[in-house]
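Values quoted throughout were computed directly from the atomic coordinates according to the rules given, and no laboratory measurement underlies them. These numbers come from a predicted model, not from an experiment. Neighbour counts run over all protein chains shown; Cβ positions are idealised from the backbone, glycine included.
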Amino acid sequence: MLSYVIQRLLFMGVVLVLVSVVAFVIIQLPPGDYLTSYVMQLQERGHKVDKEQVIALKKQYGLDLPIYLQYFKWIRKMLQGDFGRSFEWDKPVAELIGERLKLTVIISLLTLIFTYAVSIPIGIYSATHQYSVSDYSFTFLGFVGLATPNFLLALMLMFMFYKYFGLSVGGLFSFQYELAPWSIDKFIDLLKHLPIPIIVIGTAGTAGLIRVMRGCLLDELSKQYVITARAKGVGERVLLFKYPVRVAINPMISTIGWTLPAIVSGETITAIVLSLPTTGPLLYRALLCQDMYLAGSTVMLLTFLTVIGTLISDLLLVWIDPRIRYGK
Amino acid sequence: MRRKLLVATLLSGLILLGLTTMSLGKRTYWDTVQMYEEATGNKIEEFHESPMLRVKVAAGELPPVAERIPEQPLVVDPFEEIGQYGGTLRGLAFGPSYWQDVEWLRRKDNLTLISLFDDLSLRPVMAKSVEISGDMKSVTIHLRKGLKWSDGVPFTADDIMFYIVDVEMNDELNPAVHPDFAPGNLEEIRKIDDYTVRIDFTTPNLSVIMNRLKRDGGQGWMFDPKHYLKKWHIKYNPKANELAKEEGFDHWWEAFRHHENLYGLNTDYDLPRVGPFVLTKATPSMMLSERNPYYFVVDTAGNQLPYIDNLVSHIVSPEVYPMRIISGEVDLAWIRTSLTDYPLYKENEEEGDYRTIPWPGTTGSELGLRLNLDEKDPVLRKLYRDVRFRQALSVAINREAINENVFFGAAVPRQATVLPACSFFKEEWAEAYAQYDPHKANGLLDELQLTERSKDDFRLLPKGKPLLLIIEYVEQGSNTPILELVKEYWEAVGVKVLLKSMESTLWATRMDTSGRGVGATSVGYSTELDSYTHPRYWTMGTSMGMQDSICLEWGKWLETNGKSGEEPPEDVKELYNLGEKLRTLRPGTKEYVELAQEIHDRSSKMLFRIGTVGMAPRPNIVKNNLRNFPVPFKDVSPYCGWEPISVLEQLFFKK
């Protein structure tokens, strides 16, 4: 077991290095660099940027170095724990991501709980009442939720909440609470703003999970041991939860692995539309203007979380399902 | 339909008002208290300050107001009325860049030594007075005694010397010296005394002087807080490199630039500033600013400005932007509003409790098209360089229809040229080849021997090669709808068009290569000041693709004086020389007007840029209880941008 874990950790290292190279290259692919897009912005607004200023800026941002030197500079700093500075925000990247990470994690964990809390019971209900009216309607709703684009749902909900509940749209806090110290009122304000992001991001995942849960459970329910237990007089509820559900949950656990990075990327489109202060919009902006260190470091963070997440989910599976064992 | 009518009448009424009241109204500012008292006979007995600051003075944290402002502060007569202290101005932003509604005003307001009227005469701002010698080779700047930075340290000539000598001319901070201060141009800069600086140039350089002195927070200063920044500068602190490393930078100049940061968001909150507001906090979701207790401007009642205590800018996405405006949660919005949303803003005026003020546009043309005269293919190159081809393309466009469809009829169909507000303007430039005449277009194209047609009925080049114009542009603003219409009109006269939208950095890099297609971007440099300080834009003398160079090779030849590039035809060379001569003349003089007119007469005939519609207004949203917002043409001429006035200092919330 231990050797398996160590082997996995080694591979993780290799993956991270490869990803860092690929990420760096791709981020640099658009023509020009951070400066080009910055100067373009200035030009569009009618600000004349002289050639000399551009040269000075290039030097300031270290963009006059050849690409591979820029890469090594980045890696060297990362290994020392310095993730570089964001050109656009003029702040250390670690600070920027850190500020947003807390809220990202809160929203994502709540969304995760919401998703599982909704889809598992519905999935179980659907399976046990197969082909009933409620089964069909849940299926239908599920597919509709899956088909509707997230941002459309977000916009609709935003407008409805504004029109009918008078809620200030967008963001996680109303204006007056944003910089205020934490208090009961601020917490209540946060609770008022949370439903939309959670519902929107959550519904995307529920449809799929309902179907998976339903399908797996149906498989189990038709097995021999269930019929035997029933014949022996085990109560329906006990029967359901003690064996089939536990087995059907397997696929759900094994996918937790990549819910972790999905969490951090915070459903970017929804977050952009709703102006949520999470890492998704931050990465999006950084990529658009080639803010090298911010974009690269965020991508590395996501990769790191993905590989860790996959490892965790593999270990969880071992723990839950006694049929799985690694090594001898 | 009704909406369009409403919009069109409102805006044409405004334009009519503008055309009849071109000059500024009553005088609204005086350089010093002394001048104010002499001019009006009123006296300013004592100075007052905001209650927020009075508390601090009482607690001993700040000196009394009379000691905080200079001996001779700038006096402003507010547009509407004397204001009341207090309040927080709420604005929106799309990101940390400074081109945002409230942030832009904060960064640029009154941070200049001088400012300019729309006739380009000077008005001192931070400087008390400025003298330019008769031969325009030297300028003497007199500063206000007692003017202080936001941390209370006096602003002196040292700060100007520090910037020009130790920053601009320092090799590591500025590897390429700006031509303004290059040894061939700058003769000497001298500190006469603590409050006087004199700069001498080798040749008459009025446009440079004006451009430099009015440099604002967005482009580069003429001064830096020496007392604060010198510890990061290697000349004053031999340990600057160590200090930089401690702060997480590799070199002293990186740390210096971080603390000075002129171009981006500067998160060094301690950096002393001179404007009415000082940034106190910047997070990824908002930017907060507070009043500057050492601001050097007072109103006619002796109140130290600004009236408002705080500024806050919330960062939102473009989708949320109009929603927040119509729900009344924003006090001021002007940069990111678009004309297409005008009906939406008007509809919700009552509910949101704000007013919509259409601000006249200042672009020579919202979208101008430029053929690539560097085209490698000789047949195409000959065609593009033939003025008749450009004439044909120009008259093939129905500008009225574009105006109606895209701008509700509120913009002005015109050729690509300077604004009518320019002192030397001639209406014929705006009308040149701007009529819709497809018959004439067809005639010209036939004359150019493009008579063969393909099976799709598009014109072919001689020898049967296809004629295809690829228009490259960035999808933003109203570019796409305008170009779709242009494509229709050009194809109607048989010229096949392919529209190619691309991301802005790609467009920028492509514009610098000779393989570029037809460039489509807005036509700028159309105000009096811009056309004076950047004549090369109109004389085709630029070689920077990003500045929409007509022909990269000609531009290179002209800039390097023949050392590289391709030699342009005689008329282009003549035009360029005329443009260079313009810079040596003083605006307002007869020679200046005559020369400018000659330049634009020729430029108009050469028709290198094809304009569509220009001067599209933009809605400004102002909350009803926010007063002293300038009325265009009455309080300020919009053609100078916002430059002559500071907007933020006068705004106040009326209780």
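Here are the numbers:
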| item | result |
| --- | --- |
| Relative exposure of B:HIS439, B:HIS227, B:HIS258, judged by other C-beta atoms within 10 Å (fewest first) | B:HIS439, B:HIS227, B:HIS258 |
| Relative contact order for chain A, counting Cα pairs under 8 Å that sit 6 or more residues apart, in percent | 28 |
| Amide H partners (placed H, <5 Å) of B:LEU111, local residues excluded | B:GLY217 |
| Two-site FRET efficiency, A:ILE106 against B:GLU431, from Cβ-Cβ distance with R₀ of 51 Å, rounded to 0.05 | 0.25 |
| Exposure proxy order (Cβ contacts within 10 Å, fewest to most) of B:ARG516, B:ARG388 | B:ARG388, B:ARG516 |
| Most mobile of A:GLY98, A:GLY142, A:GLY208 in a GNM of chain A (Cα contacts under 10 Å) | A:GLY98 |
| Listed residue (A:THR310, A:GLY233, A:SER126) projecting farthest to the positive dipole end of chain A, Cβ model | A:GLY233 |
| Principal axis dimensions, largest first and in whole angstrom, of segment B:69-155 by Cα | 46, 31, 29 |
| In degrees, nearest ten, helix B:570-582 long axis to first principal axis of chain B (Cα) | 10 |
| Straight-distance crosslink candidates among lysines, where the alpha carbon sits under 16 Å from B:LYS108 and sequence neighbours closer than 8 are dropped | A:LYS48, B:LYS214 |
| Leading residue at positive end of dipole, the protein assembly as shown (Cβ point charges), from A:PRO149, B:TRP232, B:PHE201 | A:PRO149 |
| Derived scalar couplings ³J(HN,Hα) [segment A:83-97; Karplus, 6.51 cos²θ - 1.76 cosθ + 1.60; whole Hz; x for Gly, Pro] | 8, x, 10, 7, 5, 6, 9, 6, 9, x, 4, 4, 5, 4, 5 |
| Within segment B:406-564: Cβ-based charge dipole about Cα centre, in debye rounded to nearest 20 (Lys, Arg +1; Asp, Glu -1) | 500 |
| Share, in percent, of DSSP beta bridges within chain B that are antiparallel, nearest 5 | 70 |
| In degrees, nearest ten, helix A:67-79 long axis to first principal axis of chain A (Cα) | 60 |
| Separation of alpha-carbon centers, segment B:420-454 and segment B:121-161, rounded to whole Å | 49 |
| Cβ-Cβ FRET estimate between B:GLU347 and B:GLU400, R0 fixed at 35 Å, reported to 0.05 | 0.85 |
| Dipole magnitude of chain B about its Cα centre (Cβ charges: Lys, Arg +1; Asp, Glu -1), debye to nearest 20 | 820 |
| Footprinting exposure proxy for A:PHE24, B:PHE94 (fewest neighbouring C-beta atoms within 10 Å first) | B:PHE94, A:PHE24 |
| Inverse of mean 1/r across different Cα pairs in chain B, Kirkwood, Å | 26.8 |
| Links that overshoot a 26 Å alpha carbon limit, given the list A:LYS73/B:LYS226; B:LYS440/B:LYS496; B:LYS634/B:LYS654 | A:LYS73/B:LYS226 |
| Spin-label pair B:GLU594/A:LEU316, simplified geometry with 7 Å Cα→Cβ offset, distance in nm | 8.5 |
| Alpha carbon centroid spacing (whole Å) that separates segment B:349-388 from segment A:189-260 | 59 |
| In Hz, Karplus ³J(HN,Hα) per residue of segment B:127-142 (6.51, -1.76, 1.60; θ = phi - 60°; x = Gly, Pro) | 6, 7, 7, 9, 10, 10, 5, x, 8, 6, 9, 9, 9, 10, 10, 9 |
| Rel. contact order, % - alpha carbon contacts under 8 angstrom, at least six apart, segment A:80-222 | 37 |
| At q = 0.10, 0.11, 0.12, 0.19 Å⁻¹, base-10 log of I(q)/I(0) for segment B:305-454 (Debye sum, equal scatterers on each alpha carbon) | -0.59, -0.67, -0.75, -1.18 |
| Integer Hz, Karplus 6.51/-1.76/1.60 couplings in order for segment B:333-343, x for Gly and Pro | 8, 8, 7, 9, 7, 10, 4, 5, 8, 3, x |
| Unit charges at the beta carbon, dipole of the protein assembly as shown: most positive-side option, B:VAL278, B:LEU552, B:SER97 | B:SER97 |
| Partner chain coverage, peptide B:497-504 - average Cβ within 10 angstrom | 2 |
| 12 Å reach of a label modelled at B:ASN310, 7 Å along Cα-to-Cβ, counting backbone N of segment B:51-88 | B:87-88 |
| Whole-number D in µm²/s for segment B:46-94 (Stokes-Einstein; Kirkwood sum over Cα pairs; 37 °C, 0.692 mPa s) | 245 |
| Convex hull (Cα only) mean projected area of segment A:1-155, reported in nm² to one decimal | 16.1 |
| Rule-of-thumb Rg ratio for segment B:394-544 [Cα; 2.2 N^0.38 Å; N residues] | 1.15 |
| Within straight-line cross-link reach of B:LYS500, lysines at Cα separation under 25 Å, skipping those fewer than 8 residues along the same chain | B:LYS376, B:LYS382, B:LYS455, B:LYS465, B:LYS487 |
| Segment B:119-259 - Rg and Dmax from Cα coordinates, angstrom | 15.9, 51 |
| 5 angstrom amide H check on B:LEU461, placed H, neighbours 5+ away | B:LEU467 |
| Rel. contact order, % - alpha carbon contacts under 8 angstrom, at least six apart, chain B | 20 |
| Label-to-label distance, nm, for residues given as B:ASN624 and A:ARG323 (7 Å Cα→Cβ offset) | 7.1 |
| Amide H contacts of B:GLU187 (H built 1.01 Å from N, under 5 Å, at least 5 apart or other chain) | B:ASP200, B:PHE201, B:THR202 |
| Additional length obtainable on full extension of the chain from B:ALA492 to B:ARG388, 0.36 nm per residue less Cα span | 35.7 nm |
| Candidates A:ALA207, A:ALA295, A:ALA56, ranked by Gaussian network fluctuation over chain A, Cα under 10 Å, top entry | A:ALA56 |
| Cross-link partners of B:LYS230 among lysines (Cα-Cα below 23 Å; sequence separation of 8 or more within a chain) | A:LYS58, A:LYS59, A:LYS91, B:LYS145, B:LYS148, B:LYS191, B:LYS239, B:LYS245 |
| Segment B:402-542 - share of DSSP beta bridges that are antiparallel (%, nearest 5) | 20 |
| Three principal axis lengths of the protein assembly as shown [C-alpha, angstrom, descending] | 111, 87, 60 |
| At 1.567 mPa s and 4 °C, Stokes diffusion of segment B:502-655 via Kirkwood alpha-carbon radius, µm² per second | 71 |
| Cα-based Rg of segment B:475-585 normalised by 2.2 N^0.38 Å, two decimals | 1.22 |
